[in-house]
Amino acid sequence: MPKPQISAIICTYNRSSYLGAAIDSLLCQDFEDFEVLVIDNASSDDTKEVVNQRLGNRRLRYVWEPVVGLSVARNRGAQMAEAEILAYLDDDAVASKNWLGCLYRAFQIYQNVVVAGGKVTLLWPDNLTSPKWLSAGLAENLGAYDLGEKMIYIEQPSLTPRGLNYAIRRSFWQEIGGFDVNLGRVGKNLLSNEELQVTEMALKLAKQVAYLPDAVVGHNVAPERIRRSWFLRRGWWQGISECYREQLAGEAGLGQFGRGGERFVRGLYKSLKYFQDPALCFDNLVYCYGQVGYLSAVVGGFLLGGQKNRQVKQE
């Protein structure tokens with residue numbers, strides 16, 4: 001059989017309750033020539049059974065990856081995929097019917113685009129709505145991503161497409177050596193910034209990263225994430241992720257203390273300034289707490305003699 005034009009990849013870790021809907025949303029795409037790979041990242045729930053129920057579809061393949069880590073799983077998916085275009089969908093997300101078609105056409109039309117992703121809407125659980133203390137900025141931590149109704153090229157790495165709705169050319173993935181396994185979630189920790197790092201590499205190499213408004217994905221909001229404690233934890237890990245990204249980019253040094261300290265003071269000041277606004281107050285408090293995580297990683301980097309001696313501990 002000829003190679004598919006695009007490979008859809010779901011990396012999953014113990015989310016069998018959402019996984020079936022994610023797979024089904026891919027198998028019913030209105031695009032013709034594609035495959036679907038599920039990379040089981042050492043799940044201990046009934047993930048394999050959920051996949052087995054659908055293996056009658058010739059497009060679907062199951063791959064076991066014993067080394068836990070999102071970047072590890074993404075790299076394994078790329079290695080096993082057959083197409084030049086690799087499209088990643090989170091295991092708790094649902095793709096619109098034209099998702100693969102939108103991504104594929106964009107890569108065909110815009111030859112200098114090496115990374116692309118689309119709009120992400122939030123799917124709230126029954127009887128739950130966005131709390132008053134949740135700002136639009138913090139909602140992005142739940143996956144929300146909307147840069148408007150027109151295609152745009154990303155020039156600021158902080159605006160890079162979300163990993164839950166993300167596509168990359170295999171040739172570029174190979175050129176940069178894959179996703180850095182020092183970044184990205186490992187088990188239950190919330191490390192991130194691997195997509196941001198890829199965008200930085202693309203821009204440095206004069207490549208383009210695109211936002212595609214019609215490539216829409218819905219992202220389920222897990223009830224356990226609608227808690228202030230989850231956002232504080234997410235902010236802490238975001239700070240750690242930023243520190244590690246700087247280390248990997250050769251930007252570590254004493255200047256990190258100044259940057260982290262200045263951001264901490266700014267976040268604390270704004271959280272007090274907007275004390276009467278629950279959303280803005282909490283948004284800045286999370287930002288402030290994230291700088292504590294950042295500074296703790298900076299100190300750890302100095303004590304351990306740099307990132308080569310760092311070991312990320314799973315919670």
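For (1) among the acidic types (Asp, Glu); (2) within 20 Å of LEU164 (Cα to Cα); (3) open to solvent by 70 Å² or more (accessible area, probe 1.4 Å), each residue gets a yes or a no:
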| site | (1), (2), (3) |
| --- | --- |
| ILE9 | no, yes, no |
| ALA22 | no, yes, no |
| GLU35 | yes, yes, no |
| ASN41 | no, yes, no |
| VAL72 | no, yes, no |
| GLN79 | no, yes, yes |
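How many residues does segment 161-183 contain that are in contact with a strand residue (DSSP E or B) (Cβ under 7 Å, 6 or more places away or on another chain), open to solvent by 30 Å² or more (accessible area, probe 1.4 Å) and assigned to a loop (DSSP other than H, G, I, E, B)?
Selection size over segment 161-183: 1.
Select the strands (runs of 3 or more DSSP E) contained entirely in segment 58-136, then report the ones holding at least 1 residues which are touching a Lys or Arg at 6+ places or on another chain (Cβ under 8 Å), within 30 Å of PRO223 (Cβ to Cβ) and at pLDDT 95 or above.
Hits in segment 58-136: 60-64, 85-89, 113-123.
Considering VAL209, VAL221, which residue is touching a residue at least 24 places away in the same chain (Cβ under 8 Å), in contact with a Ser or Thr (Cβ under 6 Å, 6 or more places away or on another chain) and of a type in the set (A, V, I, L, M, F, W, C)?
VAL209
I need the full set of residues from segment 137-160 which are over 14 Å from the mean Cα position of the chain (by Cα), surrounded by 11 or more Cβ atoms within 10 Å (Cβ to Cβ) and either assigned to a loop (DSSP other than H, G, I, E, B) or modelled with pLDDT of 95 or more (or both), in order please.
ASP146, LEU147, MET151, ILE152, TYR153, ILE154
Tell me whether segment 105-123 contains one or more residues that are surrounded by fewer than 16 Cβ atoms within 10 Å (Cβ to Cβ), more than 25 Å from ILE240 (Cα to Cα) and either among the acidic types (Asp, Glu) or within 14 Å of the chain's Cα centre (by Cα) (or both).
no
The values are calculated or read from the model by the stated rules, or taken from the named source; none is laboratory data. Since we're looking at a predicted model, the values are computed, not measured. Note: ideal-geometry Cβ built from the backbone for every residue, glycine included; neighbour counts use all protein chains shown. What goes into the accessible areas is simple: the full protein's heavy atoms, side chains included, and nothing from ligands, DNA or RNA. Shrake-Rupley method; radii C 1.70, N 1.55, O 1.52, S 1.80 Å.
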